[in-house]
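All remarks here apply to the structure that follows.
The values are calculated or read from the model by the stated rules, or taken from the named source; none is laboratory data. Note that the structure is predicted; figures quoted are calculated from it, not measured. Neighbour counts are summed over all protein chains in view; Cβ atoms, including those assigned to glycine, are modelled from backbone coordinates with ideal geometry. Just the protein is used for accessible areas: all its heavy atoms, side chains included, with ligands, DNA and RNA removed. Shrake-Rupley method; radii C 1.70, N 1.55, O 1.52, S 1.80 Å.
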Amino acid sequence: MTVNLVLIVVIGVTFACGVTLLLERSLTRIVVGTLLIGNAVNLIFIVASGAPGRAPIVDESDPSPMSDPLPQAMVLTAIVITLGVAAFLLALAYRSWQLEGHDEVQDDVEDRLIMRLADLDEASQSYEEGTGDPDEEGADPAEAER
Amino acid sequence: MTADSAMSFLIPLPVVLALLGAGVCLAVGHNARAQRVISFVVLTAIVGIAATLLWAADRDGPQVVYVGGWPARMGIVLVADRLSALLLLVSAIVTLSVLVYSVGQGIIEFGRDTPLSVFYPTYLVLVAGVSNAFLSGDLFNLYVGFEVLLAASYVLITLGGTGPRVRAGTTYVVVSVLSSMVFLIAIAGVYAATGTVNMADLAVKLQEVPEGVRVVLQLMLLTAFSIKAAVFPLSAWLPDSYPTAPAPVTAVFAGLLTKVGVYAIMRVQTLLFPDSPLSDLLLWAALLTMLIGILGAIAQSDIKRMLSFTLVSHIGYMVFGVAIASDLGLAGAIFYIVHHITIQTTLFLVTGLIEIRGGSTSLEHLGGLAKAAPVLALMFFLPAMNLSGIPPFSGFLGKVALVQAGVDRAGWLAYLVVAASIVTSLLTLYAVAKTWNRAFWRPRTEEPDEVGEWVPSTGTKSGEPWGDTVTVTSVRSLPRAMVAPTLTLVALGTALTLVAGPLFGITERAAAELRDRTPYIETVLEDGSMPGDSAAGEVSP
């Protein structure tokens, strides 16, 4: 199987850009990042299909120098799916901007709450203190955890 | 169509009917009543079809259909073996119950700021995606199945577009998109290495691929599926995104979506990579998933979040069974999947009822429900005990099978995971008992919070399509249409104990079939067998 070096380099660079954008907080940049990664993955399929040949159309060209049509069909499917998801993500970004005035991805409120409790070294608010426990089997291992 | 069995015409129907139903639902978007009837009829039909398929697959072996009449290796095949058919049946029953529940919840009637006609079509598309993933005999079609169910789940998880849901949905969508990308890269790699994406064909051809390449492909597939199945360390997205969605949506996600990932792991591990060198890695993943998930559950003070963490934790049991990969281990894992789909869905539905009855799902605001709503208390207690594995419930039976399989495997790592699974079971009991005590047992109190101000946790207080009339003090009677399906699922989960013998028989035969591999491969390749004219990277004319 021959591999096109230019394609490999393009895939690498696109991927790197995509990952960089994905690590941003702004949702719009994340969308662009996923699009770049999606395109890089599509190029991987082109590489996987082997050496390029004639157009894979029956009765049009000889079977032997044809390109492999299956990866092209897969890439088409993948492109369509990526497009749909990107549209949905953009809608989310727009909705987020409508609600919050920006499109930054937020932290989870409950996570931060629990982290704050851990910082204060306090027990969770649902921690039972000394009340009669009808299901006592469960309490033992939990005590070991604390 | 080159079907050699009478039943194979049924195989595409769960996908086709669901998609058709979704289309018709969209067409009659102005008429909620028609949408409900169509959805109900379609899902009932799928339950019947799945039961027939399970019966046929158990009697005659795997059922195959070559979509479009293309021979195997050329086109897409759909395969219903015992594992696929069993999971299809359970998921169909669960989705049907959740549909009835959501009708009762009145997402459609009472919503104001939701594009309302969207719920039923999307729900049916979700069912189509799940069915397609279970039935697919082709790696790329499995990807398409995943994408269909994910796309539907994106819409459902952000239903109404409120702030917390947009926040949770963003995490969910981005993580899912990434896992799909990893899956696509793996498919490209598999195709480059073997020249096929047909799973039966791959099972043969991957044996000729060099060991190193095979391990890389396996790792990539496992990574992609582990994100979807929420296996630690790829599980952090789940407890963040699930709790904010409407109760029926969370219930069906928790029951089904992660299990589709587990199913994919199981299928790939048994069919494509038997005797893999990565089973120790999977054992570690199972160990950490169980322990870290359940420790997260203990720290939560919201029932939905607590349940989301136990969901992650109990995925570990299934991965444990897959990692052992003995007959008993796989049978136990399949049994556990069936048990867990039912129980986890039930618990989330009950939580939805608690929210209506008690006005909140936060443990600080609940209390005295055992006296106020004894039936509700029973509906929570039974599946909760079932989840934590109290004998004689099915959770106990599944865990016993897995522990037995772990002990049979021997070795310090297996013993360690067995110990962890028992500790996890006890800690699950602690987590649900704590919830039980706070929400149901203790008298109702309205204490001020000691630790700072209380921040509304999951966005289910206000701005929710139907939830904003519920206040902390509201004591409503529960709509019968919501209680009935929940009770049905509670009864079903409890009845799993009664039918455990026959059910375990089926899962044992399914596990034997998975380990044997030849029935699957021979049934799929028999019809389209052509002399090896499809070498790597070339097209067969």
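Where only protein heavy atoms count, and the probe is 1.4 Å, what is the accessible area per residue for the protein assembly as shown in Å²? Can you show the working numbers first?
Values: 25460 Å² over 687 residues.
Here the residues of the protein assembly as shown average 37 Å² of exposed surface.
Can you compute the charge dipole magnitude of chain B about its Cα centre, using +1 on each Lys and Arg Cβ and -1 on each Asp and Glu Cβ, nothing else charged? Give it in debye, rounded to the nearest 20.
Working: 29 positive and 34 negative charges, 291 e Å.
In debye, rounded to 20, chain B gives about 1400.
Given a 1.4 Å probe and heavy atoms of the protein chains only, how would you sort B:Tyr123, A:Tyr94, largest accessible area at the top?
Values: B:Tyr123 5, A:Tyr94 130 Å².
Ranked from most to least accessible, the order is A:Tyr94, B:Tyr123.
Direction-averaged shadow area of the convex hull around the Cα atoms of region B:341-432, nm²? Write down the numbers at each step before the final one.
Values: hull surface 26.6 nm².
Orientation-averaged projected area of the Cα hull: 6.7 nm².
Provide the packing ranking of B:139-150, B:40-51, i.e. peptides ordered by the mean count of other C-beta atoms within 10 Å per residue, highest first.
B:139-150, B:40-51
List, in order, the whole-Hz ³J(HN,Hα) value for each residue of region B:310-324 obtained from phi through the Karplus relation with A = 6.51, B = -1.76, C = 1.60 and θ = phi - 60°; use x for Gly and Pro.
5, 4, 4, 4, 7, 4, x, 4, 5, 4, 4, x, 5, 5, 5
With +1 on each Lys and Arg Cβ and -1 on each Asp and Glu Cβ, and nothing else charged, work out how big the dipole of the protein assembly as shown is about its Cα centre, in Debye to the nearest 20. Don't skip to the answer; put the middle values down first.
Values: 36 positive and 58 negative charges, 263 e Å.
Charge dipole of the protein assembly as shown: 1260 debye, to the nearest 20.
From the residues B:Gly395, B:Val350, B:Val173, which one has its Cα farthest along the dipole of the protein assembly as shown in the positive direction, the dipole being from +1 and -1 charges on Cβ of Lys/Arg and Asp/Glu about the Cα centre?
Farthest towards the positive end: B:Val350.
How would you order A:101-108, B:299-306, B:231-238 from highest to lowest mean count of nearby Cβ atoms within 10 Å? Could you put the intermediate results ahead of the total?
Working: A:101-108: 16.0, B:299-306: 24.9, B:231-238: 21.4.
The peptides rank, most packed first, as B:299-306, B:231-238, A:101-108.
For A:Ala118 and A:Arg54, what does the FRET efficiency come to when R0 = 41 Å and r is the distance between their Cβ atoms, rounded to the nearest 0.05? Don't skip to the answer; put the middle values down first.
Working: r = 64 Å, r/R0 = 1.56.
Taking R0 as 41 Å, the efficiency between A:Ala118 and A:Arg54 is 0.05.
What average count of beta carbons from other chains do you get within 10 Å of the Cβ of residues in B:187-196?
Details: counts 7, 13, 2, 1, 9, 9, 2, 0, 6, 1.
Mean shielding count: 5.
What does the convex hull of the alpha-carbon atoms of the protein assembly as shown project to on average, in nm²?
Values: hull surface 116.8 nm².
Taking a quarter of the hull surface, the average projection is 29.2 nm².
Which whole-Hz ³J(HN,Hα) couplings does region B:229-244 yield from phi under the Karplus relation 6.51 cos²θ - 1.76 cosθ + 1.60, θ = phi - 60°, glycine and proline marked x?
Listing the rounded values in order: 8, 6, 8, 4, x, 9, 10, 5, 5, 5, x, 6, 9, 5, x, 7 Hz.
Output wanted: per-residue J couplings in Hz (rounded whole) for region B:329-344, from phi through Karplus 6.51 cos²θ - 1.76 cosθ + 1.60, θ = phi - 60°, x for Gly and Pro.
Taking θ as phi minus 60°, the curve returns x, 5, 4, x, 5, 5, 4, 5, 4, 4, 4, 6, 4, 5, 5, 5 Hz for region B:329-344.
Between A:Tyr94 and B:Ala27, how high is the FRET efficiency from 1/(1 + (r/R0)^6) when r is the Cβ-Cβ distance and R₀ = 35 Å? Nearest 0.05. Spell out each step's value before the answer.
Details: r = 27 Å, r/R0 = 0.78.
About 0.80, to the nearest 0.05.
What's the buried accessible area, both sides, between B and A using a 1.4 Å probe, rounded to 100 Å²? The partial results should precede the final answer.
On the way: alone 19240 and 11180 Å², together 25460 Å².
That pair of chains buries around 5000 Å² in total.
Can you pull the mean other chain C-beta count within 10 Å for peptide B:141-152?
Values: counts 1, 0, 4, 4, 0, 1, 7, 1, 0, 2, 4, 0.
Per residue, the number of nearby Cβ atoms from other chains is 2 on average.
As I understand it, the dipole of region B:24-106 uses +1 on the Cβ of Lys and Arg and -1 on the Cβ of Asp and Glu, about the Cα centre. Which of B:Val42, B:Val90, B:Ala32 lies farthest toward its positive end?
Checked the options; the winner is B:Ala32.
What does the structure give for B:296-308 when I average, per residue, the other chain Cβ atoms found within 10 Å of the residue Cβ?
Values: counts 1, 0, 7, 9, 4, 8, 3, 1, 1, 4, 1, 0, 0.
So the per-residue partner count for this stretch is 3.
Report, in debye and to the nearest 20, how large the dipole of region B:267-385 comes out about its Cα centre when Lys and Arg carry +1 and Asp and Glu carry -1 on their Cβ.
Dipole about the Cα centre, nearest 20: 360 debye.
Restricted to Cα positions, what overall size does region B:81-199 have along the principal axes? Three whole-Å values, descending.
Largest first, region B:81-199 extends 53, 33, 17 Å along its Cα principal axes.
Could you tell me which residue out of B:Leu330, B:Tyr317, B:Ala57 lies farthest along the dipole of chain B toward its positive end? Charges go on the beta carbon: Lys and Arg +1, Asp and Glu -1, centred on the Cα centre.
Checking the options against the dipole of chain B, the answer is B:Tyr317.
So how much slack lies between A:Asp111 and A:Val6, counting 0.36 nm per residue of separation and subtracting their Cα-Cα distance, in nm? Walk me through the numbers before you get to the answer.
Working: separation 105, 0.36 × 105 = 37.80 nm, distance 4.47 nm.
Using 0.36 nm per residue and subtracting the Cα-Cα distance, I get 33.3 nm.
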